[in-house]
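These notes concern the structure reproduced below.
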């Protein structure tokens, strides 16, 4: 997950969402919920937020309702982060004025975000050529056929390619939105936003879009007890074998259940939880990185540094300067 320091929040970071004809209400709602609502529990608003449209009246998906009273498309030219339209009719070309607005935003260095079929908008604008992107699995073949220059990753929740971020369908918009908040404001703030959403605080973008068995066949196959047990012991030298023993299954069976229920491996989940804890410790004021590494179960400051650079693009020191108290 590349970190682009040019998008650090300086004052009211302006998020603008373009709404076009037949746009999906769900992803629009996700953007409003994450970026548009006031945050009195945090004592400050995280973003400035606006909706805009190329037309005074925008008929939303399947005519569910008509959107009026939003800004004109020129508001997109003021965006620090521009969220582009997504809609179910991916075969219909996007509004030319919308594509021009996307190109202008990209040219001046704004961050671009596409939820679900928003990847089609970005690709039509020509800003995804040679870049990594995610899209809903349902449209993966059509996307590849129309945009062969884009490096589509069809089986992940979202892709962070620096100044362009894309997600798969529906709920993955929440995952990507929280990832953006985490990237801008740190893990502690992102956790607070996710708690208000009553949504998982962190699903890594590399997780699969869908799992083989969303609900376990029997209650005792649920991973919830072993996950809760491990989260209380992250500072201990836990291994995958320890998790398997706690779940009373073999390591191979545990691996299959993680893949089926979470779309990831036990080791990747454990490392991600430890890194998230390390970030929270730094944000809360722990300045001794060797202590952060020990308390989060990452072992050494060198290991902490390597993982933080890989996952956040920042060293522990740079992370503390940006997100610390």
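Numbers at a glance
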{"read-out": "Some residue of region 125-138 being touching a strand residue (DSSP E or B) at 6+ places or on another chain (Cβ under 8 Å) and part of a strand (DSSP E or B)", "value": "yes"}
{"read-out": "Leading residue by the ranking (modelled with the highest pLDDT) among those in region 176-211 that are closer than 22 Å to residue 224 by Cβ and part of a helix (DSSP H, G or I)", "value": "178"}
{"read-out": "All positions within region 250-263 that are over 17 Å from residue 225 (Cα atoms) and not in a helix (DSSP H, G or I)", "value": "263"}
{"read-out": "Subset of region 33-74 that is over 14 Å from residue 17 (Cβ atoms) and assigned to a helix (DSSP H, G or I) - its residue that is nearest to the chain's Cα centre (by Cα)", "value": "42"}
{"read-out": "Odd one out for residue 321, checked against (1) without any contact (Cβ under 8 Å) to a residue 60 or more places away in the chain; (2) part of a helix (DSSP H, G or I); (3) touching a helix residue (DSSP H, G or I) at 6+ places or on another chain (Cβ under 7 Å)", "value": "(3)"}
{"read-out": "Qualifying residue in region 77-85 (condition: over 20 Å from residue 143 (Cβ atoms), exposed (fewer than 15 other Cβ atoms within 10 Å of the Cβ), in the same structural domain as residue 158 (by TED's automatic domain parsing) and at pLDDT 90 or above)", "value": "yes"}
{"read-out": "Region 214-238: number of residues that are modelled with pLDDT under 50 and loosely packed, with under 12 Cβ neighbours inside 10 Å", "value": "6"}
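The values are calculated or read from the model by the stated rules, or taken from the named source; none is laboratory data. Keep in mind the model is a prediction, meaning the values are calculated, not measured. With ideal geometry, Cβ positions are generated from the backbone for all residues, glycine too; neighbour counts draw on all protein chains shown.
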